[in-house]
Amino acid sequence: MEEPPHLFLCPISMELMDDPVTVSTGVTYDRRSIEQWIFGYGRPTCPATMQPLANLDLTPNHTLKRVIGSWLDRGSPSTSASSSPSPSSLSSPAHELATPLARMLEAERLRSALADLEETPFKVTALKNMGARMAGDVAMQCEFVSSGGIQAVARVMAQALAESAAGGDFSAFTACEEAAAVLALLPLADAASVSFVLEPECMRPVMALLQRGSAEARLHAMDIVTKISNAGAGDWTAGIEVDDVLKSLLELLSDEVSTRLSSRALDVLLDVVERSRNGPAKAVEVGAVHVLVELLADADDRHDAERILLLLKRLCKCPEGRLAFAENDLSVAAVAKTMLRVSQLATQLAVKVLWLVSVVAPSEKVLEDMVVTGAVAKLLGLLHVETPPATKQKTVRMVRINGEFWRQYACFPTDLKDYLRLLN
């Protein structure tokens, strides 16, 4: 079917009008779009002219509706074989079937949309149309990046976030979420694209979406951060506020919005702690140990438990991490629970965590908790099963170094007291 005349398109959605209605300024819109504008967004203005509406009456434009209906009837495909699409064309993506001229026109439309993006009052619609053009189309995504699309969308996100923070209407934050959906379509595998996204103008809104966006927007923001993390571009945290990233990730983990989000957040958190020079100390400062211990206590998934233990091990290598671990009443119990239960890797990591807090920098509270929670009994049990030499060596040293302290507790089993005596 040929392109519909411009007058048949709604000025808001730029789609063919299904139920055209006219407002007091004389401009005609599709009913659904103008109702969303007036009643959904609370804007009693004419979107095309931005003039205040004298009233909120929506008068059906029957004449235009009949003309559109006639045009649709004339353009309906015939039943002849020549006009019927082949099965292969029905199953092929539109961008694979497009002619070179059509591809050029689509690219030009994309560039035009980017040029108008910051000025149009219909940013959400413009971004949705942009995303529809780019979805699954690598060439169009490359055109978007080369035309400065990332920078343009980042400016829209920053502006929308500022308007939302200043008490603007809900549509501003919706535009920010839709912009993130566009960026999430990109592979972000090259250094140039990653560097554009890492600019504060783009990363601040992404972090805000991680913290308070809708479930879908959080997934899009997480996709962006995960792609940056997987790009392997050295210390990608060097030019951004690591505290903001860590807080956003920890809030996601605490909220437990979805298993998929939590899993990705753990992966990115591991990467930030590993890459950033002050990552471990900053993570401890914003409460990572407390959040991770809470998660570990309730972890049912083996892979999640292993990653949490790995994070705790890395955090406990710094003094601040060991202190935060010792101050948490649940920490020793949560770690001990994974030993000889989750997996061999989890047991090895748990032993390393307990080694760091009971030998490298022991505290009386941690040593006492290890007796009360059964961690000591599990350590002794490890000596009777096959474990990697490094794990067994750490276990023996922990028992020998702290055995005298543990023996004084009445809750310490008598047979284990005898075993300690033999071990020494």
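The values are calculated or read from the model by the stated rules, or taken from the named source; none is laboratory data. Bear in mind the structure is a predicted one, so any value in this text is a computation, not a measurement. Using ideal geometry, Cβ is built from the backbone for each residue, glycine included, and neighbour counts are taken over all protein chains shown. Side chains included, ligands, DNA and RNA excluded: accessible areas come from the protein's heavy atoms. Shrake-Rupley method; radii C 1.70, N 1.55, O 1.52, S 1.80 Å.
The sum of -39500 (n - 2.57) across all DSSP H runs of n ≥ 4, divided by the residue count of the chain, sets its helix-only mean residue ellipticity at 222 nm to -19500 deg cm²/dmol.
Taking all protein chains into account, the per residue accessible area for the chain stands at 49 Å² (1.4 Å probe). In this simple spin-label approximation, Asp300 and Thr22 carry label points 7 Å from Cα along the Cα→Cβ vector, and these lie 6.1 nm apart. The HN-Hα couplings worked out from phi for the range 338-349 by the Karplus form 6.51 cos²θ - 1.76 cosθ + 1.60 (θ = phi - 60°) are 7, 5, 6, 9, 7, 6, 5, 5, 4, 5, 4, 5 Hz, whole numbers, x standing for Gly and Pro.
Residues considered: Asp267, Asp30, Asp73. Largest GNM mean-square fluctuation over the chain, using C-alpha springs under 10 Å, is found at Asp73.
In whole Å, how far is the Cα centre of the range 341-383 from that of the range 264-321? Distance between centres, Cα-based: 17 Å. Loop-located trypsin sites (Lys or Arg not before Pro) in the range 236-343 (DSSP state not H, G, I, E or B) with no more than 16 neighbouring Cβ atoms inside 10 Å: Arg277, Lys317, Arg341. Straightening the chain between Arg103 and Gln151 buys 15.0 nm, computed as 0.36 nm per residue apart minus the Cα-Cα spacing. Would you mind pulling out the separation of the Cα centroids of the range 179-196 and the range 4-36, in Å? Comparing the Cα centres of the range 179-196 and the range 4-36, I get a distance of 33 Å.
The residues packed around Arg32, meaning those with a beta-carbon under 13 Å from its beta-carbon, carry a net charge of -4 if Lys and Arg are +1 and Asp and Glu are -1. Relative to the longest principal axis of the Cα atoms of the chain, helix 302-315 runs at roughly 70 degrees. Give the calculated FRET efficiency between Asp116 and Arg31 to the nearest 0.05, with a Förster radius of 25 Å applied to their Cβ-Cβ distance. The pair Asp116/Arg31 has a calculated efficiency of 0.50. Across all Cα pairs in the chain, the calculated P(r) in 20 Å bins from zero up to the longest distance comes to 21, 38, 25, 13, 3 percent per bin. Roughly what angle does helix 149-165 make with the longest principal axis of the chain, taking Cα atoms, 0 to 90 degrees, to the nearest 10? Value to nearest ten degrees: 80.
Running a GNM on the chain with Cα contacts under 10 Å, which residue among Glu251, Glu404, Glu327 ends up with the highest mean-square fluctuation? So, out of Glu251, Glu404, Glu327, the one fluctuating most is Glu404.
What's the FRET efficiency of Glu3 with Thr49 using the Cβ-Cβ distance as r and R₀ = 22 Å, to the nearest 0.05?
Working from the Cβ atoms, E equals 0.30.
Note that the range 125-138 has calculated 3J(HN,Hα) couplings of 5, 4, 5, 5, 4, 4, x, 5, 5, 8, 4, x, 10, 4 Hz, one per residue in order, obtained from phi through the Karplus relation 6.51 cos²θ - 1.76 cosθ + 1.60 (θ = phi - 60°); glycine and proline are x.
Treating r as the C-beta distance of Ser363 and Arg277 and R0 as 25 Å, the FRET efficiency rounds to 0.40.
Could you look at the range 244-335 and say what percent of its accessible area is carbon and sulfur, using a 1.4 Å probe and all protein chains?
44
Here the relative contact order of the chain, from alpha carbon pairs under 8 Å that lie six or more residues apart, stands at 7 percent. The angle between the Cα long axis of helix 259-275 and the longest principal axis of the Cα atoms of the chain comes to about 70 degrees, rounded to the nearest 10. Cross-link reach is defined here as a Cα-Cα straight distance under 26 Å, omitting same-chain residues fewer than 8 places apart; for Lys313 the lysines meeting it are Lys227, Lys247, Lys282, Lys337, Lys352, Lys365, Lys378, Lys392, Lys394. Using the Cβ of Ala281 as centre and a radius below 12 Å, the other residues enclosed give a net charge of +2, where K and R count +1 and D and E count -1.
Its convex hull of Cα atoms gives the range 339-414 a direction-averaged projected area, equal to a quarter of the hull surface, of 4.8 nm².
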